[in-house]
Each structure stands twice: as structure tokens, then as C-alpha cells.
Amino acid sequence: MRFMVIVKATKDSEAGIMPSTELLTAMGQYNEELVNAGVLLAGEGLHPSSKGKRVVFKGKDRSVIDGPFAETKELIAGFWLFKVDSLEECIAWVKRCPNPMPTESEIEIRQVFEAEDFGEEFTPELREQEQRIFEKSRQQ
């Protein structure tokens, strides 16, 4: 099972306040534990939404909205992608994480869809296509 572990933004992260050396050290140790356990597939911090854009889809029309975005509690400051055997294992790993922010913070856990989750609509041809795409992306 794969899970996206989402670090929610705070006023400080949206203001561009960088983490301390102590927090960076603690996160580095945590990330190393994840790698050594074979759990970590990916993980990154994100710039504040003031440096971001949103693309809004309305039928065939597309429009671009410049950041920053108003609702800090709905924004993402970073993420990890974990591969574990269960949601419970994912929760256990997240509970070991140093607080990612200097203030109170929140981490959201969301399971990533796997091919079998889509049922019959995900035909053998679509499965083959997905496999080719992911193999090619891993080679880049």
C-alpha cells in the first residue's frame, strides 16, 4: 500500500520562514530511518503558495490564478510518499515524525490508488499503458 503523507502549511511556512538547523537535522534523521526501513518512496518540501499558481478548469476553458492562496489550513507545505503494509503502519511512522513546524502542525494521510482499485473500468490495455508510462518515467 502506498500513502501520501501531507504536511499541512502554517502561517510561518506560508510566510517563507525556513526551518531551524535543529529541525532540519531531526528531519534528516527521520528520513534516513524511513529509507533504511524501505518505507520512503519520495518526499519534498514545497515553496509557499505565494510562488505558486492554480489552473482552474471550466469545461474546455483554463484560467490561471496567482498565489498566495487564502486558506492556509488547506495548503500543503510538503509531502512524503510511503510504501507500507497498512494504514496502521503508516500512522505509526507519522507519529514518529518530528513536528515539521516550529508551532502546532498537522499531517494528513491519504492512500494512493492502485490499479486494482479501479475495477473493470481499468482495462488490460489501460493497465499496460500505465505500466509503460511509469517504467519510462523511472528511466528519466
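What to note about this one:
- For the stretch 43-140, chymotrypsin sites (Phe, Trp or Tyr not before Pro) meeting the loop criterion (DSSP other than H, G, I, E, B) and having at most 11 other Cβ atoms within 10 Å: 113.
- Reported label for calculated Cα Rg over 2.2 N^0.38 Å given (1) 0.97; (2) 1.23; (3) 1.28: (2)
- The alpha carbon gyration tensor of the stretch 79-140 gives principal lengths a ≥ b ≥ c with a/c of 1.5 or higher and a/b greater than b/c, which makes the shape prolate.
- Accessible area of the stretch 34-140 belonging to carbon and sulfur atoms, whole % at 1.4 Å probe: 51 percent
- The residue 134 and residue 56 beta-carbon pair, evaluated with R₀ = 35 Å, returns a calculated FRET efficiency of approximately 0.80.
- Linear extension gain, residue 86 paired with residue 32, 0.36 nm per residue minus alpha-carbon span: 17.4 nm
- Dipole size of the chain about its Cα centre, with +1 on Lys/Arg Cβ and -1 on Asp/Glu Cβ: approximately 600 debye, rounded to the nearest 20.
- Qualifying trypsin sites (Lys or Arg not before Pro) for the stretch 57-92 [loop in DSSP, other Cβ within 10 Å: at most 13]: 60
- For peptides 2-13, 26-37, sequence by mean Cβ density within 10 Å, most packed first: 2-13, 26-37
- A DSSP coil position with no more than 10 other Cβ atoms inside 10 Å describes the following GluC sites (Glu not before Pro) in the stretch 45-140: 71, 104, 114.
- Three-way shape call for the stretch 9-90 based on the alpha-carbon gyration tensor, with the a/c threshold at 1.5: oblate
The values are calculated or read from the model by the stated rules, or taken from the named source; none is laboratory data. Only a predicted model underlies this, so the values are computations on that prediction, with no experimental measurement involved. Using ideal geometry, Cβ is built from the backbone for each residue, glycine included, and neighbour counts are taken over all protein chains shown. To get the accessible areas, we keep the full protein, side chains included, count just its heavy atoms, and leave off ligands, DNA and RNA. Shrake-Rupley method; radii C 1.70, N 1.55, O 1.52, S 1.80 Å.
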